[in-house]
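Colleague: To start, I am sharing the structure in question, which I have written as structure tokens.
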Amino acid sequence: MDEKVKSIHEAIALLNSGKIFSQRTPTPPPPPKIQNVIQSSEEKNAGISLLVSMTYQSLSGNMKKRDILIRRVIQNKNEIYLDGVAMDIRAPRLIKVANIREIQDVTSGRTYDNPLEFIQSRLGVPLKQEPEEPQKQKNEIGAVIERVGHEMTALMYLVAIDGHRDKVEREKVFQYVKSRTTDLSYSDDDLNEYLISLAPDEECFADALERVLKKDQNTVQHFVEAILDIIMADGKVDDKERSFLIKIMDLLEQDGYDISLPI
């Protein structure tokens, strides 16, 4: 039997074999004041997992510069917030966008003085602040992120799950995104830059995956095929990659999906 086929058969044979992910230490909950803001907010995007360096005024009034893993964009009344984790202290942070002075993409070094531009072009959240240019977003990577951002988060988690971020595996994610966005115009360099900037952990992955699996069956079918492509991109199946596939197939089975694997 072909090694690729054998590896996939082994993975499927292990379905329902037990707990997939090891226990992780959860991020501490935010203070009650921040929880109240979050609970009364409207979610604009989640499962983002983008790592940035940010200069901002904290809710206590102090100026801070920190590396922040952005998880969600939320809106409370007329205020937009970034919900994330401060990487130096591994603590939750809720940052009012109006208080942000500068955002720098850690990977590319690109700096944004306008946080609203960053939210639209790098977090895939369409904003109403630019009604005079209704077609602008279609020419930006933001339109891609709005459509397939959750798939990118989940797939880039898989790319790094074996401890290595192989270029050949990232190329598979790149190809998947291109196949899902043939009607959009954007720079390949911008797409690669965004994929490299993603730093999804298990919490971001779980959040993104939940949203992917709520999409139509055709999308989920293509997503699962992309998972297989990534797993086999380097010619071998790591134990964590195998567990990842098992978990996905188990979730799909529970939700009643009829997914055919190309084996």
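Colleague: So, by mean Cβ neighbours within 10 angstrom, what's the order for 150-156, 102-108, 178-184 with the highest one leading? Each step should come with its number before you reach the end.
Modeller: Details: 150-156: 26.6, 102-108: 18.1, 178-184: 13.3.
Put in order of decreasing packing, that is 150-156, 102-108, 178-184.
Colleague: How high is the relative contact order of segment 32-129, in percent, with contacts defined as C-alpha pairs under 8 Å that are six or more residues apart?
Modeller: On the way: 186 pairs, mean separation 23.3, N = 98.
Once normalised by length, the contact order is 24 percent.
Colleague: For residue 67, list long-range residues whose amide hydrogen, built 1.01 Å from N in the peptide plane, is under 5 Å from its own amide hydrogen.
Modeller: 54, 87, 88
Colleague: Another one. Taking θ = phi - 60°, what integer Hz values does the Karplus form 6.51 cos²θ - 1.76 cosθ + 1.60 yield along segment 95-101, in sequence order, with x for Gly and Pro?
Modeller: Couplings: 10, 6, 4, 5, 9, 7, 9 Hz.
Colleague: When a/c is below 1.5 the answer is rounded, else prolate if a/b is larger than b/c, else oblate, so apply that to segment 32-129 with a ≥ b ≥ c taken from the square roots of the Cα gyration tensor eigenvalues.
Modeller: Numbers: a/c = 1.43, a/b = 1.11, b/c = 1.29.
Note, shape of segment 32-129 comes out rounded.
Colleague: Still on this structure, I have one more. Given R₀ = 30 Å, what would the calculated FRET efficiency be for residue 75 paired with residue 171, taking r from the Cβ atoms and rounding to 0.05?
Modeller: 0.25
Colleague: Now for a different question. Which pairs, out of 65/178; 44/65; 215/240, put more than 27 Å between their alpha-carbon atoms? Display every interim value, and only then the final one.
Modeller: Numbers: 65/178 35 Å; 44/65 24 Å; 215/240 25 Å.
Check vs 27 Å cut-off fails for 65/178.
Colleague: Points 7 angstrom from Cα along the Cβ direction at residue 206 and residue 91: gap in nanometres?
Modeller: 2.3 nm
Colleague: Apply the Karplus curve 6.51 cos²θ - 1.76 cosθ + 1.60, θ = phi - 60°, to the phi angles in segment 172-183 and return the couplings in whole Hz, x for Gly and Pro.
Modeller: Along segment 172-183, the couplings run 5, 5, 4, 5, 4, 4, 4, 5, 8, 9, 5, 8 Hz.
Every number here is computed from the coordinates shown, using simple stated rules; none is lab data. Model, not experiment: these values are computed from the prediction. Reconstructed Cβ throughout: ideal geometry from the backbone, glycine too, with neighbour counts over all protein chains shown.
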